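The values are calculated or read from the model by the stated rules, or taken from the named source; none is laboratory data. Only a predicted model underlies this, so the values are computations on that prediction, with no experimental measurement involved. Note that each Cβ is placed from the backbone with ideal geometry, even for glycine, and that neighbours are counted across all protein chains shown. Please note that ligands, DNA and RNA were not included when accessible areas were found on the heavy atoms of the full protein model with its side chains. Shrake-Rupley method; radii C 1.70, N 1.55, O 1.52, S 1.80 Å.
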Amino acid sequence: MMACSIIVIALAVFSCKKVQYKSRDTSYLKPPPPDTTTPIIDTSAVLSNCDQLDGWGIVNTGSEITVAPKEGKGYIQGIIAPGGNFMQFQLALTTPVDTKQSLGTGELKFWWYIQDVSQIDPGGQIQMSSANNPDDFRLGWGLSSILDTLHAGWNHLQLKFIDAYGLTDADLVNLKAINYMRIFYNTKANVTTAQTYGIDDMRVDVAAPVVISSCDKLDNWNVVNGGQLITVAPKEGTGYIQGTVNVGGNFMQFQYSIPSPDFIDTKTTKEVGYLEFWWYIQDVTQITPGGQIQISSANNPDDFHLGWGLDGILPTVHNGWNHLKLKMTDAYGYTDNDQMDLRKMNFMRIFYNITTATSAQVYGIDDLEVAVK
């Protein structure tokens, strides 16, 4: 009896013991780190997303295809039937579109599906207009210079306004009121089997940058102490160009020279162009005033050039990688009689002195390009 009483008392005490639960207080939890991803802002002006046939006129009427479009819900399809030899996609807009671009900054972009590129005759054209017809107030691009860049299947075209014909016409296109576009072409012969074509996601956007050097190889680069190609942690592509000032040295130069007669067409003008690149600096305080950044179309830094003094740039940079975006309107040489020909750029250099190095000083260059605002 005594043993049973002890057991009953123990059970009673245990059943009355308060159960400890974890606190619901979450004040000790740390908030997630802020999102530092730079948002992508779409500044393009859509002429047609090609999700419906409204405004489109296509040979043999055309169809709206909703299977595997390149963008949105569908794309516009046109077919040349056996025995035919002509295709045209024509877009007439009831409400004109403000492209928000100038002749120096814009490009026409769209996707073009081609079943067989070899069938297309090079005499065709791509045209856009503010007169609701292809013959007035227009820009145009001949297919003869485009077809070699295309392949069977979907192709993404980016046609810079500066490469178009019509730039000097008296009836210059009004880029604030585009209301017409067409692409038309013949086949080299009457087709024996049906040939299918498609158009999707037609818009005007800021022209893509022109790459001067991806810095993925040392070709055409001349760097103090020879320079090296570094493949670890580049800012773009597979590598960057590194230069080192050894102990006791005080000078650094990165020079990029394209052998004559070759050159690069930057496809921009001084009024809207920028020189852009990444510059790695180990210690900004070591660089002394007086350095320069220069580009030229004479394959040397002294003629037909544009330049920027480092004195105005150094206060804006820091140790590590810096992305430089240099306006051509801020450059010296902008009003020289021997003005640089931006359609034939073949030279760039950045040079500067440093305080005599007591330890090796490392610098780098990556992703050299010309862009528009």
Quick one: accessible area per residue over the chain, 1.4 Å probe, rounded to a whole number of Å²? 52 Å²
To the nearest 20 debye, the chain has a Cα-centred charge dipole, built from +1 on Lys and Arg Cβ and -1 on Asp and Glu Cβ, of 1700 debye
More than 19 Å apart - percent of Cα-Cα pairs taken over segment 322-372: 45 percent
Using amide H atoms built in the peptide plane, which far-off residues or other-chain residues are under 5 Å from Lys344 H to H? Thr266
Under a no-solvent Debye model with one identical scatterer per Cα of segment 159-289, what's log10 I(q)/I(0) at q = 0.13, 0.14, 0.20 Å⁻¹? -0.85, -0.91, -1.30
Which of Lys73/Lys109; Lys217/Lys327; Lys100/Lys327; Lys109/Lys325; Lys217/Lys270; Lys176/Lys373 have a Cα-Cα distance over 22 Å? Lys217/Lys327; Lys109/Lys325; Lys217/Lys270
By the C-alpha gyration tensor axes a ≥ b ≥ c (rounded if a/c is under 1.5, else prolate when a/b exceeds b/c, else oblate), the shape of the chain is oblate
Once amide hydrogens are built 1.01 Å from N within the peptide plane, the residues lying 5 or more places from Asn155 or on another chain with amide H under 5 Å from its amide H are Trp112, Tyr113, Ile114
In whole Hz and in residue order, list the ³J(HN,Hα) couplings for segment 230-245 that follow from phi through the Karplus curve 6.51 cos²θ - 1.76 cosθ + 1.60, θ = phi - 60°; x for Gly and Pro. 10, 9, 9, 6, x, 7, 7, x, 10, x, 9, 8, 10, x, 10, 8
Quick one: which residues, 5+ away or cross-chain, put their amide H under 5 Å from the amide H of Leu172? H built at 1.01 Å from N. none
